[in-house]
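Below you'll find the structure, written out as structure tokens, and then a few comments.
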Amino acid sequence: MASVEITGLRKLYGDVVALSDINISIASGSFYTLLGPSGCGKTTLLRTIAGFHAQNSGSIAIDGASIENLPAYRRDVGMVFQDYAVFPHLSVRDNVGFGLKQRKVAKSETAARVDEVLATVQLEAFADRMPHALSGGQQQRVGLARAIVIRPKVLLMDEPLSNLDARLRVDLRTELRHIQQTLGITTVYVTHDQEEALAMSDTVCVMHNGVIQQAASPVDIYLAPANRFVATFVGGTNFLGVDQTGATPRLLSGGADLSGLIREPLPAAVTAAIRPEVLRVRIGEVAPGQHEITIPATLRDVSFIGREMEIFATTAAGETIKVVARPDPAVIRLAVGSEIMLTFGRDDLLFFEDTPTGRRLT
């Protein structure tokens, strides 16, 4: 196990800033995920740690020892790639042992370590098969085994599940997390899949335009997003306009008084946010409870997707609202254009400065 410290890291491609002042502290033995949309800098950061890219400034240290001037093969990291990267002409056993052979590890020790890691990734029965006889998930396990058999201080994983089908991704992410915890190996993982990041990680680091937006536990990332971008990217959020022209701020839709919900002085423009799963759909007139807010809306679509339904509605202010709820036959049968009421708790509202990356207000 090893800690990773990244300080003031900056990477340029010509005039394009790929990474801007990256500061990260990764605890020994933790699972740290870099999450963000395509082009946000997460893969560039991972490959800079690996030594495939050279930063323009800043430092990278593993267990307190600087590695930024070391070539990739001397950084003591293992890498798992998106495209499996197995050697098609080598058996599973020889693929896994390739790195040990390159390091001139004795044959007897190589055999013992390969057998051990094949058992860890549940591939003992496939040791003598060729890659073409394996499924995508099995090939990815070969890539993982090859990375961990060298016993690196840090394991780097670049979207390793993105080429697999949805069901297999869910199954394999559970296995990957279990293996990581069993080995206790410090892992830096790249993904654009928010659900994957939340399910697997000790810490999620959300990136946008080469800048870290927030690094926190999955629970804090979801329940207390630092800014509007994080709230939008992780989990999806409905945004509601706030009317600040009167003595107290009110929602544009429904006119609910927001007094006492925002403690700090209001900036020039504020937007309210509510997660889809905390909204409830009511049919007919509804009197809000003491700590509830109710907004009238017009039904636009209902999608039944098995264990839940997705409802889309439009408020009088023209805002599109998404609701995720348990299936309700009465709602599913409603005609498009029906008038409904959306109800939620006052304390479920979040508030942000009304800019694309506006900070969350307390």
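The values are calculated or read from the model by the stated rules, or taken from the named source; none is laboratory data. Quick caveat, the model's predicted, so the values are computed rather than measured. Note that we place each Cβ from the backbone using ideal geometry, even for glycine, and neighbour counts take in every protein chain shown.
Couple of notes before you dig in:
- Top-ranked residue of segment 344-357 - restricted to ones that are more than 15 Å from ILE221 (Cα to Cα) and assigned to a loop (DSSP other than H, G, I, E, B), ranked as nearest to the chain's Cα centre (by Cα): PRO356
- For segment 17-40, residues that are on the phi > 0 side of the Ramachandran plot and in contact with a Ser or Thr (Cβ under 8 Å, 6 or more places away or on another chain) total 1.
- The residue list GLU292, GLU277 contains one member that is over 27 Å from the mean Cα position of the chain (by Cα) and either not hydroxyl-bearing (Ser, Thr, Tyr) or not assigned by TED's automatic domain parsing to the domain that holds THR248 (or both), which is GLU292.
Okay, residues lined up against (1) closer than 22 Å to VAL92 by Cβ; (2) outside the structural domain of SER38 (by TED's automatic domain parsing); (3) touching a Gly at 6+ places or on another chain (Cβ under 9 Å):
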{"site": "ALA145", "(1), (2), (3)": "yes, no, no"}
{"site": "VAL149", "(1), (2), (3)": "yes, no, yes"}
{"site": "VAL154", "(1), (2), (3)": "no, no, yes"}
{"site": "LEU172", "(1), (2), (3)": "yes, no, yes"}
{"site": "ILE179", "(1), (2), (3)": "yes, no, no"}
{"site": "GLY184", "(1), (2), (3)": "no, no, yes"}
{"site": "LEU198", "(1), (2), (3)": "no, no, yes"}
{"site": "VAL204", "(1), (2), (3)": "no, no, no"}
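- The set of residues from segment 153-201 being within 11 Å of the chain's Cα centre (by Cα) and β-branched (Val, Ile, Thr) comprises VAL190, THR191.
- Strands (runs of 3 or more DSSP E) contained entirely in segment 194-279, each with at least 3 residues that are among the hydrophobic types (A, V, I, L, M, F, W, C) and buried (at least 20 other Cβ atoms within 10 Å of the Cβ): 203-208
- Close pairs (7 angstrom Cβ cut-off, 6 or more residues apart or separate chains): more than 11 Å from ARG360 (Cα to Cα) in segment 208-229, in a strand (DSSP E or B) and hydroxyl-bearing (Ser, Thr, Tyr) anywhere: GLY210/SER20; VAL211/SER20; ALA215/THR203; ALA216/THR203; SER217/THR203
- Any strands (runs of 3 or more DSSP E) falling wholly within segment 1-71 and containing at least 3 residues that are assigned by TED's automatic domain parsing to the domain that holds THR174 and surrounded by fewer than 19 Cβ atoms within 10 Å (Cβ to Cβ): 4-13, 16-26, 57-62
- Residue match in segment 241-258 (condition: within 28 Å of the chain's Cα centre (by Cα) and not assigned by TED's automatic domain parsing to the domain that holds CYS205): yes
- Count of segment 74-116 residues which are among the polar types (S, T, N, Q), touching a Lys or Arg at 6+ places or on another chain (Cβ under 7 Å) and either assigned to a helix (DSSP H, G or I) or touching a residue at least 60 places away in the same chain (Cβ under 8 Å) (or both): 2
- Evaluated against (1) out of contact with any helix residue (DSSP H, G or I) (no Cβ under 9 Å at 6 or more places or on another chain); (2) in contact (Cβ under 8 Å) with a residue 24 or more places away in the chain, ASP257 falls short on exactly one condition, (2).
- Residue satisfying all of: in segment 318-330; modelled with pLDDT of 95 or more and not in a loop (DSSP other than H, G, I, E, B); surrounded by the most Cβ atoms within 10 Å (Cβ to Cβ) among these: VAL323
- Among the candidates MET309, MET341, residue that is more than 27 Å from PRO267 (Cβ to Cβ), over 23 Å from the mean Cα position of the chain (by Cα), free of Cβ contacts under 8 Å to residues at least 60 places away in the same chain and buried (at least 17 other Cβ atoms within 10 Å of the Cβ): MET309
- Residues being among the aliphatic types (A, V, I, L, M) and either in contact with a helix residue (DSSP H, G or I) (Cβ under 9 Å, 6 or more places away or on another chain) or under 10 Å from ALA325 (Cβ atoms) (or both) - total across segment 269-284: 6
- Tabulated pairs, segment 273-290, first closer than 16 Å to TYR222 by Cβ and touching a residue at least 24 places away in the same chain (Cβ under 8 Å), second in a helix (DSSP H, G or I) and of a type in the set (Val, Ile, Thr), C-beta under 9 angstrom, 6+ apart or interchain: ALA273/THR232
- Verdict on THR298 being touching a residue at least 40 places away in the same chain (Cβ under 8 Å), of a type in the set (S, T, N, Q) and in a strand (DSSP E or B): yes
- Top-ranked residue of segment 47-86 - restricted to ones that are at pLDDT below 95 and hydroxyl-bearing (Ser, Thr, Tyr), ranked as nearest to LEU100 (Cα to Cα): TYR73
- Complete set of residues in segment 117-130 that are of a type outside the set (Val, Ile, Thr) and either in a helix (DSSP H, G or I) or surrounded by 20 or more Cβ atoms within 10 Å (Cβ to Cβ) (or both): LEU118, ALA119, LEU123, GLU124, ALA125, PHE126
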